[in-house]
1. Among the candidates LEU43, LEU61, LEU75, which residue alone is closer than 30 Å to ALA165 by Cβ and either part of a helix (DSSP H, G or I) or open to solvent by less than 90 Å² (accessible area, probe 1.4 Å) (or both)?
2. Here is a check on your reading of the model: is TYR328 loosely packed, with under 13 Cβ neighbours inside 10 Å and modelled with pLDDT under 75?
3. For region 299-312, give me the residue count where each residue is open to solvent by 90 Å² or more (accessible area, probe 1.4 Å), closer than 17 Å to SER337 by Cβ and not charged (D, E, K, R).
4. Considering region 145-201 alone, what residues qualify as being open to solvent by less than 40 Å² (accessible area, probe 1.4 Å), out of contact with any Leu (no Cβ under 8 Å at 6 or more places or on another chain) and at pLDDT 90 or above?
5. Return a yes/no flag: does region 108-122 have any residue that is open to solvent by 80 Å² or more (accessible area, probe 1.4 Å), β-branched (Val, Ile, Thr) and in contact (Cβ under 8 Å) with a residue 12 or more places away in the chain.
6. Take the residues of region 101-148 that are assigned to a helix (DSSP H, G or I), over 24 Å from the mean Cα position of the chain (by Cα) and hydrophobic (A, V, I, L, M, F, W, C): which is farthest from ASN249 (Cα to Cα)?
7. Any idea which of GLU213, GLU277 is without any contact (Cβ under 8 Å) to a residue 40 or more places away in the chain and not polar (S, T, N, Q)?
8. Give the number of residues within region 271-292 that are among the polar types (S, T, N, Q) and surrounded by fewer than 15 Cβ atoms within 10 Å (Cβ to Cβ).
Amino acid sequence: MARQAPPKFHPSEWDIAARMQCASTESLKSRSERMIAESQRLLDEIEKTTQKTRSDVNKKLEQRQEEIKFWKQELSNKLEEVVHETELLLTFKTRLEKSLESCKEPLVIAQKCLLNRQRRVGIDLVHDEVEEELVKEVEILQGVIALLGRTLEQTDEQIRLNRSAKYNLEMDLKDKFTALMIDDYCTSLTNNTPDTRYTDNAVRIEGNFVSPEDWIDFSNINVEKADKQRNNSLALRVLIDGILSQTANDMHKQCEMVNAAFRNRVKEVKDAKHKLETLLAMVMDETASQEKNIAALKQAIADKEGPVKVAQTRLEARNHRPNVEFCYDTVQYRLISEVEEVTRNIKRQVTGCTSRGSERAESSEPTTAFLGGGDPGKGEYIVHR
């Protein structure tokens, strides 16, 4: 079968097809040119936006760095203040401990004084001014020890709170330092930085993000807590200084009161002892005189034995007169009177001798006993402070 020849077009059709092809080519060229222009405009716009965003990000980074530096400086200043205040408070704590330790020995001395004064005997065991002042001193020292102990506990608690505030400031400072280093690194990055890379999920927002307000509040709270504890510590140091000064004055004043009472009491006892010694000397002199008098009375009694014997012998002999010669005459009367008179005189002398001996013993014994029981030199009235 013979091959069929392709259809032939009319020249006008060819001309139309050529014009249509030219028109289509011109249209595609126009579209391409518009697309190129639009792409160039888009590229310029994107570049400007990118540069603007980059500039804004850099500006925000700089602002963020300034904020971090500001709070870092604030935290650093507060940390330095808290550390300095804690060191001062530790010095005051040492003063408290030394003051508390120094109160123990005076308390032991005062208690020993009271205990030793219980060894007084007789009338000397008196509740005098010295005992009152010693009891008051013991009460003051016990009160001071209790007050210093409570203040020391309060100081320990304040030191703990200061250290807690210091720890919070240090942790916050550490985080600020790390954040500042990261932001400094981010600021230093450019398109030509070699270690830039794509990172998956870089734009994700994790649950532990905090708002800028919370971020400011967190550091502000740490600063306020540090200020509060520093002010409390300062007030406590003023209180400790006042307590130490007042307690020292109270103890010194009471010590002077006790010493004055001791001096007055020793003077009183010495005066009384001196008077009693004078009285004892007088009594001893009087005793010696009485002993001489008693010896004279005894001698006088012994001297009367002869007259009594003679008178009684005469009466006995005259009692043997016989019969009517046994007469109660004047001789008999006088002999009886003589015996009675001499006997009566002897009894008077014996009575005088006995009474004077009793008076001597009664007057000398209490004086001697009183002197023997109250000698300040024997430690009955005072313990050397």
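1. Values: LEU43 fails: closer than 30 Å to ALA165 by Cβ; LEU61 fails: closer than 30 Å to ALA165 by Cβ.
When all the criteria are applied, what remains is LEU75.
2. On the way: loosely packed, with under 13 Cβ neighbours inside 10 Å: yes; modelled with pLDDT under 75: yes.
So TYR328 passes the test.
3. 1
4. Going residue by residue through region 145-201, those that are open to solvent by less than 40 Å² (accessible area, probe 1.4 Å) are 148-149, 151-152, 155, 158-159, 162, 165, 169, 172-173, 176, 179-180, 183, 193.
From the residues that got through so far, the ones that are out of contact with any Leu (no Cβ under 8 Å at 6 or more places or on another chain) too are 165, 179-180, 193.
ALA165, ALA179, LEU180 - these are the residues of region 145-201 that are open to solvent by less than 40 Å² (accessible area, probe 1.4 Å), out of contact with any Leu (no Cβ under 8 Å at 6 or more places or on another chain) and at pLDDT 90 or above.
5. Taking region 108-122 first, the residues open to solvent by 80 Å² or more (accessible area, probe 1.4 Å) are 111-112, 115, 118-119, 121.
Going one step further and asking which of them are β-branched (Val, Ile, Thr), we end up with 121.
Keeping just the survivors that are in contact (Cβ under 8 Å) with a residue 12 or more places away in the chain gives 121.
Yes, the conditions are met somewhere in region 108-122.
6. First pass over region 101-148, keeping only residues assigned to a helix (DSSP H, G or I): 101-102, 104-117, 122-124, 129-148.
Subsequent filtering for residues that are over 24 Å from the mean Cα position of the chain (by Cα) retains 113-117, 122-124, 129-132.
This time we only want the ones that are hydrophobic (A, V, I, L, M, F, W, C), so: 113-115, 123, 130.
On the way: CYS113: 21, LEU114: 23, LEU115: 26, ILE123: 35, VAL130: 20 Å.
Per the criteria, the residue is ILE123.
7. Values: GLU277 fails: without any contact (Cβ under 8 Å) to a residue 40 or more places away in the chain.
Exactly one of GLU213, GLU277 is without any contact (Cβ under 8 Å) to a residue 40 or more places away in the chain and not polar (S, T, N, Q), namely GLU213.
8. From region 271-292, those among the polar types (S, T, N, Q) are 278, 287, 289-290; that's our starting set.
With surrounded by fewer than 15 Cβ atoms within 10 Å (Cβ to Cβ) added as a condition, the list becomes 278, 289.
Count: 2.
The values are calculated or read from the model by the stated rules, or taken from the named source; none is laboratory data. Given the structure is predicted, the values throughout are model-derived calculations rather than measurements. Because the Cβ atoms are built from the backbone with ideal geometry, glycine has one as well, and the counts that use them run over all protein chains shown. Note: accessible area is taken over every heavy atom of the protein model, side chains too, but ligands, DNA and RNA are not part of it. Shrake-Rupley method; radii C 1.70, N 1.55, O 1.52, S 1.80 Å.
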